[in-house]
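Presented below is the structure to which this report refers.
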């Protein structure tokens with residue numbers, strides 16, 4: 001059995017940068033590290049597109065919420081109007097009964113007929 005292992009080369013030490021609290025956010029905009037001005041200028045169209053989509057999404061959300069509020073308000077008004085219609089219809093049905101009409105007409109001196117009406121006919 002061969003158990004020979006080649007000797008390991010020493011690895012160069014990589015110095016880690018120590019983070020200072022409060023400066024990590026500003027490091028993103030540092031031109032040496034992560035984001036460079038050239039990257040922004042090359043991707044300006046895409047960034048603008050994403051911002052336009054974001055604005056349209058926000059506007060659509062506001063529009064949808066206002067439409068929902070408007071629909072709820074209209075449904076409430078419709079319910080109220082249906083209620084008023086039902087009450088008015090029932091009052092009309094009650095007031096148009098023969099007994100109720102005769103009660104109202106007694107105040108004006110009219111009386112209900114006790115005999116059948118006479119038919120008047122004319123000969124030409």
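Each reported figure results from applying straightforward, stated rules to the coordinates on display, with no laboratory input. Everything numeric in this text was worked out from a predicted model, so none of it was measured. Cβ atoms come from the backbone with ideal geometry, glycine included; neighbour counts cover every protein chain shown.
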Compute the distance in nm between two label points, each set 7 Å from the Cα along the Cα-to-Cβ direction, one at residue 51 and one at residue 64. 2.4
Calculate the radius of gyration of the Cα atoms of region 35-74 to one decimal place, then report Dmax, the largest Cα-Cα distance, as a whole number, both in Å. 16.9, 54
Here the gain from full extension of residue 74 to residue 111, 0.36 nm per residue of separation minus their alpha-carbon distance, amounts to 8.6 nm
Mind giving me the nanometre distance, one decimal, between the label points for residue 82 and residue 118, set 7 Å out from Cα along Cα→Cβ? 5.4
So what are the three principal axis dimensions of region 33-123 from its Cα atoms, in whole Å, longest to shortest? 111, 35, 17
